[in-house]
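A.B. asks: So that we are looking at the same thing, I have put the structure below in C-alpha cells.
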Amino acid sequence: VQLIVGNWKMHGTRSRARELAKAIASGKLPAGVMLSVAPPFPFLDAVGQELAGTSIGLAAQTCAVEKEGAFTGEVSAEMLASMGCMQVIVGHSERRALFHETDEVVAKKLRAALRAGINPIVCVGETLAERDAGRHEEVVARQVKAALDGLDAKTLERIVLAYEPVWAIGTGRVATPEQAGAMHARARATVSEVVTPGAAKAVVILYGGSVKPDNMAALAATPGIDGALVGGASLDAKNFLAIAENAVKGEASRKSLETKRT
Ligand code: PGA
C-alpha cells in the first residue's frame, strides 16, 4: 500500500481549501493507496468537514513542542488532535531552514505528536551542498537517529519517515529512483540500528521533492519507497489523484518483478 500525503504549505484561502478538499474527496481512488492532506492550520476545520466520511486523512504541517500555555501563535498537538488531525508533519526542511528547527526540536515535536495521539511524519534530507560534499548519507542518518533515538519498535509503528532532499523540493528537480532508493535504504538501516531490524523492515518511508504524476510510478516501483510527500502538485486535485493512481501502478509493477524473480 502506498501512502500519499499532500502538503499544501502556506497556500490558498478558506474557500479555495474547501474546494480543493471537495475535489480530492470526490475523486475515484484505486485500491492500494492511502491519502492524507495537510492544509494550513486555519483551514483544518473546513477541510476536515469536506473529508468527513471519506478515507482521506487530515494532517497538519507542524505542531508546538508544548502542550499549552503562554506561547503566542503556537498550535499544540493536542489542539490538532481535537480538530481531527490524524497525522502531523515534523521537521520539514522549510521548518528546519527558515524557522531554525534543530534535530533536538524535531525530536521534541515528534514526541509531542505521540503524546497527543497523532502520528508523526518525520522529514529528513540533505541540502545540495551536503550532497556535493558527499555527506548526504551521514546527514540523513544523523537526522533519523536524532528523531528516533530511545523509541521502541511498538512506537515506531506510529511513525512515518519522509526522505526529502532539499535540492529537490520545489525545484522541479526530482531525485532519481536510484538516488531515492539508496537514501531510503540508508534511513532504514539507521532505524535498524537505533530501534530494531523489525521496525526498520516495517517503517513506511515516503519520498518527497518535486513529485509529479509523471515521475511517481518509477519512484513507487523502487524497493523501499512506500509513497510520497507532495507539495506543489498536491494543490491541484487532478494532479494529486493522478499521483495516487500512478503510485499504485508503480507498486504493482515492482511486485510483479519481485514475483518473477522468486
Ligand atoms: P514539492 O514539495 O513537491 O513542491 O517539491 C515537497 C515538500 O516540500 O514536501
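A.B. asks: Suppose we keep only residues that are among the small types (Gly, Ala, Ser) and under 15 Å from Arg186 (Cα atoms) within the stretch 117-146. Which one would you say is farthest from the ligand (Cβ to nearest atom)?
C.D. replies: Per the criteria, the residue is Gly134.
A.B. asks: Restricting attention to the stretch 59-84, report how many residues are within 21 Å of Gly208 (Cα to Cα) and open to solvent by less than 10 Å² (accessible area, probe 1.4 Å). Walk me through how you get there before you give the answer.
C.D. replies: Taking the stretch 59-84 and keeping what is within 21 Å of Gly208 (Cα to Cα), we get 59-63.
Then drop every residue that is not open to solvent by less than 10 Å² (accessible area, probe 1.4 Å), which leaves 59-60, 63.
Matching residues across the stretch 59-84 total 3.
A.B. asks: Restricting the stretch 132-145 to residues that are buried (at least 20 other Cβ atoms within 10 Å of the Cβ) and of a type outside the set (A, V, I, L, M), which is nearest to the chain's Cα centre (by Cα)?
C.D. replies: Gln143
A.B. asks: Give just the number: which of (1) open to solvent by 50 Å² or more (accessible area, probe 1.4 Å); (2) in contact (Cβ under 8 Å) with a residue 12 or more places away in the chain; (3) under 18 Å from Ala162 (Cα atoms) does Ser93 not satisfy?
C.D. replies: (1)
A.B. asks: Give the stretch 96-110 a look and list any residue that's of a type outside the set (S, T, N, Q), without any contact (Cβ under 8 Å) to a residue 40 or more places away in the chain and either surrounded by 20 or more Cβ atoms within 10 Å (Cβ to Cβ) or more than 23 Å from Gly172 (Cβ to Cβ) (or both), or say none.
C.D. replies: Arg96, Phe99, His100, Glu101, listed by residue number.
A.B. asks: Considering only the stretch 223-233, I want to know if a residue exists there that is over 23 Å from Glu137 (Cα atoms) and open to solvent by less than 10 Å² (accessible area, probe 1.4 Å).
C.D. replies: Yes, the conditions are met somewhere in the stretch 223-233.
A.B. asks: So if I check each of Val65, Val37, which one is modelled with pLDDT of 95 or more and under 19 Å from Leu229 (Cα atoms)?
C.D. replies: Val37
The values are calculated or read from the model by the stated rules, or taken from the named source; none is laboratory data. This structure is a prediction, so every number in the text was calculated from the model and none was measured. No Cβ is skipped: glycine too gets one built from the backbone with ideal geometry, and neighbour counts run over all protein chains shown. When the accessible area is computed, the model is the full protein with side chains, heavy atoms only, and any ligands, DNA or RNA have been set aside. Shrake-Rupley method; radii C 1.70, N 1.55, O 1.52, S 1.80 Å.
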